1. Please note which strands (runs of 3 or more DSSP E) are completely contained in segment 225-307 and include at least 2 residues that are under 27 Å from the mean Cα position of the chain (by Cα) and small (G, A, S).
2. Contact list please: Cβ distance under 8 Å, first residue in segment 436-460 and acidic (D, E), second residue modelled with pLDDT of 95 or more and surrounded by 18 or more Cβ atoms within 10 Å (Cβ to Cβ), pairs at least six apart or on different chains.
3. Go through L281, L290, L222, L250 for me and flag whichever is touching a Leu at 6+ places or on another chain (Cβ under 9 Å), farther than 30 Å from E366 by Cα and assigned by the TED database to the domain that holds Y208.
4. Name the residue, out of Q302, Q334, that is open to solvent by 50 Å² or more (accessible area, probe 1.4 Å) and in contact with a helix residue (DSSP H, G or I) (Cβ under 8 Å, 6 or more places away or on another chain).
5. Checking the condition open to solvent by less than 60 Å² (accessible area, probe 1.4 Å) and either touching a Gly at 6+ places or on another chain (Cβ under 6 Å) or in a helix (DSSP H, G or I) (or both), which residue from E416, E424, E370 passes?
6. Return a yes/no flag: does segment 354-364 have any residue that is of a type in the set (D, E), assigned to a loop (DSSP other than H, G, I, E, B) and either outside the structural domain of I452 (by the TED database) or at pLDDT 95 or above (or both).
7. If I filter segment 349-367 down to residues being more than 24 Å from F408 (Cβ to Cβ) and under 20 Å from the mean Cα position of the chain (by Cα), which single residue comes out as most open to solvent (accessible area, probe 1.4 Å)?
8. In segment 242-265, is there at least one residue being farther than 25 Å from F142 by Cβ and open to solvent by less than 20 Å² (accessible area, probe 1.4 Å)?
Amino acid sequence: MRPLFDVQQTAISGSSTSNSDPIDRRINALVRHLVQSSSSAMADSLSASATSSLHSDSVFAHVVRAPEDPILGVTVAFNKDPSPNKLNLGVGAYRTEEGKPLVLNVVRKAEHQLVNDSSRVKEYLPIVGLAEFNKQSAKLIFGADSPAILENRVTTVQCLSGTGSLRVGGEFLARHYHERLIYIPLPTWGNHPKVFTLAGLSVKTYRYYDPSTRGLDFQGLLEDLGSAPSGAVVLLHACAHNPTGVDPTLEQWDQIRKLMRSKQLLPFFDSAYQGFASGSLDADAQPVRLFVADGGECFVAQSYAKNLGLYGERVGALSIVCKNADVASRVESQLKLVIRPMYSNPPIHGASIVATILKDRDLFNEWTIELKAMADRIISMRQQLFDALSARGTPGEWSHIIKQIGMFTFTGLNSEQVSFMTKEYHIYMTSDGRISMAGLSSRTVPHLADAIHAAVTRVV
(Lines give C-alpha, C1' and ligand atoms only; values in the text may rest on other atoms or scores of the structure.)
Protein backbone atom coordinates (compact mmCIF):
# COMPACT_ATOMS: atom_id res chain seq x y z
CA MET A 1 0.00 0.00 0.00
CA ARG A 2 1.21 3.49 -0.83
CA PRO A 3 2.46 5.72 1.98
CA LEU A 4 -0.24 7.89 3.66
CA PHE A 5 1.55 11.10 2.64
CA ASP A 6 1.28 10.10 -1.01
CA VAL A 7 -2.38 9.20 -0.57
CA GLN A 8 -3.07 12.66 0.94
CA GLN A 9 -1.41 14.27 -2.02
CA THR A 10 -3.38 12.10 -4.44
CA ALA A 11 -6.63 12.81 -2.67
CA ILE A 12 -5.96 16.50 -2.71
CA SER A 13 -4.87 16.53 -6.32
CA GLY A 14 -7.87 14.48 -7.39
CA SER A 15 -5.66 12.04 -9.35
CA SER A 16 -7.50 8.86 -8.27
CA THR A 17 -9.27 7.11 -11.12
CA SER A 18 -12.45 5.16 -11.45
CA ASN A 19 -10.34 1.98 -11.87
CA SER A 20 -8.88 2.37 -8.30
CA ASP A 21 -9.52 -0.33 -5.76
CA PRO A 22 -12.73 0.21 -3.70
CA ILE A 23 -10.61 0.28 -0.56
CA ASP A 24 -8.47 3.02 -2.09
CA ARG A 25 -11.56 5.03 -2.96
CA ARG A 26 -12.84 4.81 0.61
CA ILE A 27 -9.44 5.81 1.96
CA ASN A 28 -9.30 8.75 -0.43
CA ALA A 29 -12.79 9.89 0.62
CA LEU A 30 -11.81 9.64 4.27
CA VAL A 31 -8.62 11.60 3.68
CA ARG A 32 -10.49 14.35 1.81
CA HIS A 33 -12.92 14.66 4.72
CA LEU A 34 -10.10 14.84 7.27
CA VAL A 35 -8.16 17.40 5.27
CA GLN A 36 -11.22 19.64 4.77
CA SER A 37 -12.16 19.42 8.45
CA SER A 38 -8.60 20.13 9.51
CA SER A 39 -8.33 23.12 7.16
CA SER A 40 -11.66 24.53 8.35
CA ALA A 41 -10.76 24.07 12.01
CA MET A 42 -7.39 25.71 11.44
CA ALA A 43 -9.02 28.68 9.70
CA ASP A 44 -11.54 29.07 12.53
CA SER A 45 -8.75 28.85 15.07
CA LEU A 46 -6.69 31.49 13.29
CA SER A 47 -9.71 33.77 12.97
CA ALA A 48 -10.61 33.40 16.64
CA SER A 49 -7.02 33.94 17.62
CA ALA A 50 -6.81 37.10 15.56
CA THR A 51 -10.08 38.43 16.98
CA SER A 52 -9.03 37.62 20.52
CA SER A 53 -5.70 39.27 19.92
CA LEU A 54 -7.40 42.44 18.70
CA HIS A 55 -9.38 42.70 21.94
CA SER A 56 -7.06 41.39 24.61
CA ASP A 57 -3.79 42.72 23.24
CA SER A 58 -4.94 46.29 22.45
CA VAL A 59 -2.49 48.92 23.61
CA PHE A 60 -5.55 50.67 25.04
CA ALA A 61 -6.89 47.62 26.92
CA HIS A 62 -6.07 49.34 30.22
CA VAL A 63 -8.33 52.33 29.46
CA VAL A 64 -11.34 52.47 31.79
CA ARG A 65 -14.71 53.84 30.76
CA ALA A 66 -15.05 57.47 31.84
CA PRO A 67 -18.17 58.64 33.67
CA GLU A 68 -20.69 60.80 31.83
CA ASP A 69 -20.25 64.54 32.18
CA PRO A 70 -22.45 65.49 35.16
CA ILE A 71 -24.30 68.12 33.12
CA LEU A 72 -24.35 66.66 29.62
CA GLY A 73 -25.01 63.22 31.11
CA VAL A 74 -28.40 64.51 32.26
CA THR A 75 -29.42 64.89 28.62
CA VAL A 76 -28.13 61.39 27.81
CA ALA A 77 -30.39 59.94 30.52
CA PHE A 78 -33.29 62.16 29.42
CA ASN A 79 -33.03 60.98 25.81
CA LYS A 80 -33.27 57.33 26.92
CA ASP A 81 -36.47 57.92 28.90
CA PRO A 82 -39.58 56.92 26.85
CA SER A 83 -42.01 58.84 29.10
CA PRO A 84 -44.13 61.44 27.25
CA ASN A 85 -44.08 63.61 30.38
CA LYS A 86 -40.29 63.83 30.72
CA LEU A 87 -38.73 67.24 31.31
CA ASN A 88 -35.08 68.22 30.87
CA LEU A 89 -34.00 71.05 33.17
CA GLY A 90 -30.32 70.12 33.18
CA VAL A 91 -28.56 71.74 30.24
CA GLY A 92 -28.31 75.52 30.03
CA ALA A 93 -29.93 76.19 26.68
CA TYR A 94 -32.90 78.48 26.06
CA ARG A 95 -36.21 76.97 25.00
CA THR A 96 -39.38 78.64 23.71
CA GLU A 97 -42.74 78.41 25.45
CA GLU A 98 -43.31 75.36 23.23
CA GLY A 99 -40.12 73.77 24.52
CA LYS A 100 -38.25 74.20 21.22
CA PRO A 101 -34.73 75.57 20.55
CA LEU A 102 -34.75 79.17 19.35
CA VAL A 103 -32.82 80.76 16.52
CA LEU A 104 -33.16 84.52 16.86
CA ASN A 105 -34.69 86.38 13.92
CA VAL A 106 -31.76 88.79 13.96
CA VAL A 107 -29.37 85.86 13.59
CA ARG A 108 -31.28 84.58 10.57
CA LYS A 109 -31.16 88.06 9.03
CA ALA A 110 -27.42 88.32 9.56
CA GLU A 111 -26.85 84.87 8.10
CA HIS A 112 -28.97 85.77 5.09
CA GLN A 113 -26.76 88.80 4.48
CA LEU A 114 -23.61 86.72 4.77
CA VAL A 115 -24.82 83.92 2.52
CA ASN A 116 -25.87 86.36 -0.18
CA ASP A 117 -22.61 88.28 -0.13
CA SER A 118 -20.73 86.79 -3.10
CA SER A 119 -17.52 88.58 -2.11
CA ARG A 120 -17.18 86.47 1.06
CA VAL A 121 -14.61 83.70 1.01
CA LYS A 122 -13.67 80.85 3.35
CA GLU A 123 -10.03 81.74 3.89
CA TYR A 124 -8.32 81.24 7.24
CA LEU A 125 -8.79 83.98 9.80
CA PRO A 126 -5.72 85.46 11.52
CA ILE A 127 -4.64 83.70 14.72
CA VAL A 128 -6.45 86.30 16.84
CA GLY A 129 -9.63 85.97 14.81
CA LEU A 130 -11.96 88.35 12.99
CA ALA A 131 -10.87 91.94 13.64
CA GLU A 132 -14.35 93.48 13.51
CA PHE A 133 -15.67 90.84 15.89
CA ASN A 134 -12.90 91.58 18.40
CA LYS A 135 -13.46 95.32 18.16
CA GLN A 136 -17.22 95.05 18.67
CA SER A 137 -16.92 92.48 21.48
CA ALA A 138 -14.66 94.80 23.49
CA LYS A 139 -17.13 97.67 23.03
CA LEU A 140 -20.03 95.47 24.11
CA ILE A 141 -18.52 94.45 27.44
CA PHE A 142 -16.50 97.59 28.32
CA GLY A 143 -18.68 100.26 26.69
CA ALA A 144 -17.94 102.16 23.50
CA ASP A 145 -16.62 105.12 25.50
CA SER A 146 -14.36 103.03 27.74
CA PRO A 147 -11.03 104.81 28.41
CA ALA A 148 -9.28 101.44 28.24
CA ILE A 149 -10.43 101.01 24.63
CA LEU A 150 -9.75 104.63 23.66
CA GLU A 151 -6.21 104.34 25.08
CA ASN A 152 -5.58 101.02 23.26
CA ARG A 153 -5.00 99.25 26.57
CA VAL A 154 -7.25 96.31 25.64
CA THR A 155 -6.24 93.31 23.59
CA THR A 156 -9.09 91.07 22.42
CA VAL A 157 -8.76 87.72 20.69
CA GLN A 158 -11.52 85.55 19.26
CA CYS A 159 -11.78 82.15 20.98
CA LEU A 160 -13.93 79.05 21.00
CA SER A 161 -16.86 80.36 23.05
CA GLY A 162 -16.51 80.91 26.79
CA THR A 163 -14.71 77.65 27.50
CA GLY A 164 -12.02 78.36 24.92
CA SER A 165 -11.61 81.92 26.17
CA LEU A 166 -11.07 80.68 29.73
CA ARG A 167 -8.57 78.07 28.56
CA VAL A 168 -6.52 80.50 26.48
CA GLY A 169 -6.49 82.98 29.37
CA GLY A 170 -5.50 80.24 31.82
CA GLU A 171 -2.61 79.05 29.67
CA PHE A 172 -1.37 82.61 29.18
CA LEU A 173 -1.37 83.12 32.95
CA ALA A 174 0.45 79.84 33.55
CA ARG A 175 3.22 80.97 31.18
CA HIS A 176 3.52 84.67 31.96
CA TYR A 177 2.06 85.51 35.37
CA HIS A 178 4.05 85.21 38.59
CA GLU A 179 1.23 83.61 40.61
CA ARG A 180 -0.21 80.34 39.31
CA LEU A 181 -3.00 80.19 41.88
CA ILE A 182 -6.61 80.91 40.92
CA TYR A 183 -9.53 81.17 43.34
CA ILE A 184 -12.94 80.10 42.03
CA PRO A 185 -16.30 80.50 43.82
CA LEU A 186 -17.89 77.61 45.69
CA PRO A 187 -19.96 76.43 43.94
CA THR A 188 -19.18 77.28 40.33
CA TRP A 189 -19.68 75.90 36.82
CA GLY A 190 -18.36 72.33 36.80
CA ASN A 191 -15.96 72.98 33.93
CA HIS A 192 -14.07 75.82 35.66
CA PRO A 193 -11.74 73.70 37.83
CA LYS A 194 -11.02 71.33 34.94
CA VAL A 195 -10.20 74.11 32.49
CA PHE A 196 -7.84 75.97 34.80
CA THR A 197 -6.14 72.84 36.16
CA LEU A 198 -5.39 71.57 32.66
CA ALA A 199 -4.18 75.07 31.71
CA GLY A 200 -1.50 74.73 34.39
CA LEU A 201 -2.95 76.67 37.32
CA SER A 202 -3.58 75.54 40.89
CA VAL A 203 -7.22 75.90 41.90
CA LYS A 204 -8.62 76.92 45.29
CA THR A 205 -12.13 77.99 46.24
CA TYR A 206 -13.63 80.94 48.07
CA ARG A 207 -16.98 80.93 49.84
CA TYR A 208 -19.84 82.27 47.75
CA TYR A 209 -23.20 80.56 48.36
CA ASP A 210 -24.91 80.22 51.72
CA PRO A 211 -27.23 77.16 51.70
CA SER A 212 -29.01 78.35 54.84
CA THR A 213 -30.22 81.56 53.19
CA ARG A 214 -29.93 80.35 49.60
CA GLY A 215 -28.19 83.64 48.98
CA LEU A 216 -24.72 85.17 48.91
CA ASP A 217 -22.25 84.40 51.68
CA PHE A 218 -20.78 87.87 51.36
CA GLN A 219 -18.88 87.83 54.64
CA GLY A 220 -17.33 84.47 53.83
CA LEU A 221 -16.37 85.75 50.38
CA LEU A 222 -14.60 88.78 51.82
CA GLU A 223 -12.79 86.70 54.44
CA ASP A 224 -11.53 84.15 51.92
CA LEU A 225 -10.34 86.74 49.40
CA GLY A 226 -8.83 88.75 52.24
CA SER A 227 -6.70 85.77 53.24
CA ALA A 228 -5.67 84.92 49.66
CA PRO A 229 -2.00 85.50 48.84
CA SER A 230 -1.15 88.77 47.16
CA GLY A 231 -1.29 88.49 43.37
CA ALA A 232 -3.59 85.46 43.21
CA VAL A 233 -6.06 85.29 40.31
CA VAL A 234 -9.76 85.40 41.22
CA LEU A 235 -12.49 84.08 38.93
CA LEU A 236 -15.65 86.20 39.06
CA HIS A 237 -18.99 85.53 37.36
CA ALA A 238 -19.84 88.84 35.70
CA CYS A 239 -23.59 88.27 36.16
CA ALA A 240 -26.13 85.45 36.58
CA HIS A 241 -23.84 83.24 38.65
CA ASN A 242 -23.88 79.62 37.49
CA PRO A 243 -25.21 77.47 39.16
CA THR A 244 -26.79 79.56 41.94
CA GLY A 245 -28.30 82.57 40.16
CA VAL A 246 -27.06 84.65 43.13
CA ASP A 247 -25.24 87.91 42.29
CA PRO A 248 -23.69 90.58 44.52
CA THR A 249 -25.31 94.01 44.53
CA LEU A 250 -23.40 96.85 42.87
CA GLU A 251 -22.43 98.10 46.34
CA GLN A 252 -21.08 94.66 47.20
CA TRP A 253 -19.25 94.52 43.88
CA ASP A 254 -17.50 97.77 44.76
CA GLN A 255 -16.41 96.34 48.12
CA ILE A 256 -15.06 93.27 46.33
CA ARG A 257 -13.19 95.51 43.90
CA LYS A 258 -11.60 97.59 46.65
CA LEU A 259 -10.50 94.49 48.54
CA MET A 260 -9.03 92.86 45.44
CA ARG A 261 -7.15 95.97 44.37
CA SER A 262 -5.74 96.44 47.89
CA LYS A 263 -4.49 92.83 47.82
CA GLN A 264 -3.31 93.10 44.19
CA LEU A 265 -5.58 90.19 43.28
CA LEU A 266 -6.07 89.78 39.52
CA PRO A 267 -9.74 89.69 38.40
CA PHE A 268 -10.73 87.14 35.73
CA PHE A 269 -14.37 87.66 34.74
CA ASP A 270 -16.44 84.95 33.08
CA SER A 271 -19.20 86.76 31.18
CA ALA A 272 -21.51 84.11 29.73
CA TYR A 273 -24.86 85.86 30.21
CA GLN A 274 -24.52 89.55 29.34
CA GLY A 275 -28.03 90.86 28.65
CA PHE A 276 -29.50 87.46 29.42
CA ALA A 277 -29.76 88.08 33.16
CA SER A 278 -31.59 91.42 33.50
CA GLY A 279 -32.49 91.98 29.87
CA SER A 280 -30.07 94.92 29.69
CA LEU A 281 -26.64 94.57 28.11
CA ASP A 282 -25.30 97.61 29.96
CA ALA A 283 -26.70 96.66 33.37
CA ASP A 284 -25.21 93.17 33.18
CA ALA A 285 -21.80 94.63 32.26
CA GLN A 286 -21.64 97.03 35.24
CA PRO A 287 -19.48 94.80 37.50
CA VAL A 288 -16.84 94.45 34.77
CA ARG A 289 -16.89 98.16 33.95
CA LEU A 290 -16.52 98.97 37.64
CA PHE A 291 -13.17 97.16 37.72
CA VAL A 292 -11.98 98.64 34.42
CA ALA A 293 -12.83 102.19 35.49
CA ASP A 294 -10.24 102.19 38.27
CA GLY A 295 -7.42 101.75 35.73
CA GLY A 296 -6.41 98.31 36.97
CA GLU A 297 -5.77 95.24 34.89
CA CYS A 298 -8.21 92.34 34.41
CA PHE A 299 -9.25 89.46 32.17
CA VAL A 300 -12.72 88.98 30.65
CA ALA A 301 -13.97 85.85 28.87
CA GLN A 302 -17.10 86.39 26.76
CA SER A 303 -19.53 83.92 25.24
CA TYR A 304 -22.29 84.47 22.67
CA ALA A 305 -23.85 81.05 23.22
CA LYS A 306 -26.69 82.27 25.44
CA ASN A 307 -27.35 85.89 24.55
CA LEU A 308 -27.34 85.29 20.78
CA GLY A 309 -28.32 81.63 20.90
CA LEU A 310 -25.13 80.65 19.03
CA TYR A 311 -24.49 77.55 21.15
CA GLY A 312 -23.11 75.33 18.39
CA GLU A 313 -21.17 78.08 16.61
CA ARG A 314 -18.69 78.29 19.52
CA VAL A 315 -18.22 82.07 19.44
CA GLY A 316 -16.36 83.83 22.23
CA ALA A 317 -13.66 86.34 23.03
CA LEU A 318 -10.92 86.88 25.58
CA SER A 319 -10.05 90.48 26.46
CA ILE A 320 -7.14 91.51 28.65
CA VAL A 321 -7.09 95.05 29.99
CA CYS A 322 -3.51 96.24 30.51
CA LYS A 323 -1.81 99.27 32.02
CA ASN A 324 -0.76 100.75 28.70
CA ALA A 325 -0.86 100.16 24.94
CA ASP A 326 2.68 98.80 24.73
CA VAL A 327 1.98 96.07 27.28
CA ALA A 328 -1.31 95.23 25.54
CA SER A 329 0.53 94.78 22.24
CA ARG A 330 3.12 92.48 23.78
CA VAL A 331 0.43 90.48 25.57
CA GLU A 332 -1.36 89.94 22.26
CA SER A 333 1.83 88.67 20.66
CA GLN A 334 2.10 86.02 23.37
CA LEU A 335 -1.59 85.09 23.12
CA LYS A 336 -0.89 84.17 19.51
CA LEU A 337 1.73 81.70 20.72
CA VAL A 338 -0.85 80.11 23.01
CA ILE A 339 -3.51 79.86 20.30
CA ARG A 340 -1.41 78.72 17.34
CA PRO A 341 -0.56 75.20 18.60
CA MET A 342 -3.97 74.82 20.29
CA TYR A 343 -6.35 75.34 17.34
CA SER A 344 -4.33 77.52 14.95
CA ASN A 345 -7.11 80.05 14.32
CA PRO A 346 -10.83 80.32 15.09
CA PRO A 347 -13.83 79.58 12.81
CA ILE A 348 -15.23 82.37 10.70
CA HIS A 349 -19.01 81.88 10.44
CA GLY A 350 -20.21 82.50 13.99
CA ALA A 351 -17.92 85.47 14.50
CA SER A 352 -19.19 86.98 11.24
CA ILE A 353 -22.78 86.68 12.49
CA VAL A 354 -21.89 88.50 15.71
CA ALA A 355 -19.90 91.22 13.96
CA THR A 356 -22.70 91.80 11.44
CA ILE A 357 -25.24 92.32 14.24
CA LEU A 358 -23.06 94.42 16.54
CA LYS A 359 -21.93 96.89 13.87
CA ASP A 360 -25.40 97.46 12.35
CA ARG A 361 -27.59 99.78 14.43
CA ASP A 362 -30.90 98.32 13.24
CA LEU A 363 -29.82 94.71 13.76
CA PHE A 364 -28.33 95.58 17.14
CA ASN A 365 -31.56 97.23 18.29
CA GLU A 366 -33.57 94.25 17.09
CA TRP A 367 -31.25 91.97 19.04
CA THR A 368 -31.76 93.91 22.27
CA ILE A 369 -35.54 93.49 21.88
CA GLU A 370 -35.26 89.73 21.32
CA LEU A 371 -32.75 89.44 24.15
CA LYS A 372 -35.06 91.20 26.60
CA ALA A 373 -37.92 88.95 25.52
CA MET A 374 -35.86 85.88 26.43
CA ALA A 375 -34.84 87.36 29.78
CA ASP A 376 -38.42 88.39 30.54
CA ARG A 377 -39.74 84.90 29.79
CA ILE A 378 -37.24 83.40 32.24
CA ILE A 379 -38.25 85.94 34.89
CA SER A 380 -41.89 85.00 34.23
CA MET A 381 -41.08 81.31 34.72
CA ARG A 382 -39.53 82.14 38.09
CA GLN A 383 -42.68 83.93 39.20
CA GLN A 384 -44.96 81.17 37.93
CA LEU A 385 -42.98 78.47 39.72
CA PHE A 386 -42.94 80.46 42.95
CA ASP A 387 -46.70 81.04 42.71
CA ALA A 388 -47.35 77.35 41.99
CA LEU A 389 -45.36 76.21 45.03
CA SER A 390 -47.10 78.81 47.20
CA ALA A 391 -50.50 77.64 45.97
CA ARG A 392 -49.65 74.05 46.92
CA GLY A 393 -48.46 75.07 50.35
CA THR A 394 -45.11 73.43 49.69
CA PRO A 395 -43.08 73.35 52.91
CA GLY A 396 -40.06 75.63 53.03
CA GLU A 397 -39.07 79.12 51.94
CA TRP A 398 -39.10 79.54 48.13
CA SER A 399 -38.62 83.29 47.63
CA HIS A 400 -35.05 82.61 46.44
CA ILE A 401 -36.56 81.44 43.15
CA ILE A 402 -37.65 85.00 42.32
CA LYS A 403 -34.64 86.66 43.97
CA GLN A 404 -32.07 84.72 41.97
CA ILE A 405 -31.33 85.86 38.43
CA GLY A 406 -30.44 84.43 35.04
CA MET A 407 -30.85 81.04 33.47
CA PHE A 408 -30.45 78.87 36.58
CA THR A 409 -32.05 78.46 39.97
CA PHE A 410 -30.40 76.65 42.85
CA THR A 411 -33.53 75.05 44.30
CA GLY A 412 -32.02 73.75 47.54
CA LEU A 413 -33.20 70.21 46.75
CA ASN A 414 -30.78 67.47 47.82
CA SER A 415 -29.54 64.61 45.65
CA GLU A 416 -32.08 62.13 47.08
CA GLN A 417 -34.94 64.49 46.25
CA VAL A 418 -33.54 64.99 42.76
CA SER A 419 -33.37 61.22 42.24
CA PHE A 420 -36.96 60.88 43.47
CA MET A 421 -38.17 63.51 40.99
CA THR A 422 -36.36 61.78 38.14
CA LYS A 423 -37.72 58.33 39.03
CA GLU A 424 -41.29 59.31 39.86
CA TYR A 425 -41.86 62.39 37.70
CA HIS A 426 -39.30 61.96 34.87
CA ILE A 427 -37.79 65.37 35.61
CA TYR A 428 -34.06 65.60 34.88
CA MET A 429 -31.65 68.04 36.54
CA THR A 430 -28.13 68.02 37.98
CA SER A 431 -27.77 66.23 41.32
CA ASP A 432 -27.05 69.50 43.16
CA GLY A 433 -30.62 70.67 42.57
CA ARG A 434 -29.82 73.23 39.87
CA ILE A 435 -32.59 73.72 37.32
CA SER A 436 -32.56 75.64 34.07
CA MET A 437 -35.45 78.09 34.20
CA ALA A 438 -35.08 78.50 30.44
CA GLY A 439 -36.25 74.90 30.01
CA LEU A 440 -39.60 75.59 31.71
CA SER A 441 -42.88 76.69 30.14
CA SER A 442 -46.32 77.62 31.43
CA ARG A 443 -47.41 74.10 30.52
CA THR A 444 -44.65 72.34 32.46
CA VAL A 445 -44.53 74.54 35.58
CA PRO A 446 -47.42 72.65 37.29
CA HIS A 447 -45.69 69.32 36.68
CA LEU A 448 -42.46 70.62 38.22
CA ALA A 449 -44.30 72.16 41.16
CA ASP A 450 -46.06 68.85 41.84
CA ALA A 451 -42.73 67.04 41.75
CA ILE A 452 -40.99 69.50 44.09
CA HIS A 453 -43.94 69.37 46.51
CA ALA A 454 -43.86 65.57 46.55
CA ALA A 455 -40.06 65.49 46.94
CA VAL A 456 -39.90 67.81 49.95
CA THR A 457 -42.87 66.16 51.69
CA ARG A 458 -41.91 62.54 51.03
CA VAL A 459 -38.09 62.59 50.87
CA VAL A 460 -36.08 64.10 53.73
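The values are calculated or read from the model by the stated rules, or taken from the named source; none is laboratory data. Computed from a predicted model, the values in this text were never measured in an experiment. Because the Cβ atoms are built from the backbone with ideal geometry, glycine has one as well, and the counts that use them run over all protein chains shown. What goes into the accessible areas is simple: the full protein's heavy atoms, side chains included, and nothing from ligands, DNA or RNA. Shrake-Rupley method; radii C 1.70, N 1.55, O 1.52, S 1.80 Å.
1. Numbers: elements: 233-237, 266-271, 298-303.
The strands (runs of 3 or more DSSP E) meeting that bar are 298-303.
2. D450/Y425
3. Details: L281 fails: farther than 30 Å from E366 by Cα; L290 fails: farther than 30 Å from E366 by Cα; L250 fails: farther than 30 Å from E366 by Cα.
Only one candidate passes the filter, namely L222.
4. Numbers: Q302 fails: open to solvent by 50 Å² or more (accessible area, probe 1.4 Å).
The conditions single out Q334.
5. Details: E416 fails: open to solvent by less than 60 Å² (accessible area, probe 1.4 Å); E424 fails: open to solvent by less than 60 Å² (accessible area, probe 1.4 Å).
Criteria check complete, one pass: E370.
6. Restricting attention to segment 354-364, the residues satisfying the condition of being of a type in the set (D, E) are 360, 362.
Pick out the ones that are also assigned to a loop (DSSP other than H, G, I, E, B) and you get 360.
From what's left, either outside the structural domain of I452 (by the TED database) or at pLDDT 95 or above (or both): 360.
Yes, segment 354-364 contains at least one residue that is of a type in the set (D, E), assigned to a loop (DSSP other than H, G, I, E, B) and either outside the structural domain of I452 (by the TED database) or at pLDDT 95 or above (or both).
7. Initially, segment 349-367 is screened for residues more than 24 Å from F408 (Cβ to Cβ), giving 349, 351-353, 355-366.
So of that shortlist, the ones also under 20 Å from the mean Cα position of the chain (by Cα) come out as 349, 351.
Working: H349: 53, A351: 1 Å².
This residue is H349.
8. Going residue by residue through segment 242-265, those that are farther than 25 Å from F142 by Cβ are 243-244.
Checking which are open to solvent by less than 20 Å² (accessible area, probe 1.4 Å) leaves us with 243-244.
The answer is yes, given that some residue of segment 242-265 is farther than 25 Å from F142 by Cβ and open to solvent by less than 20 Å² (accessible area, probe 1.4 Å).
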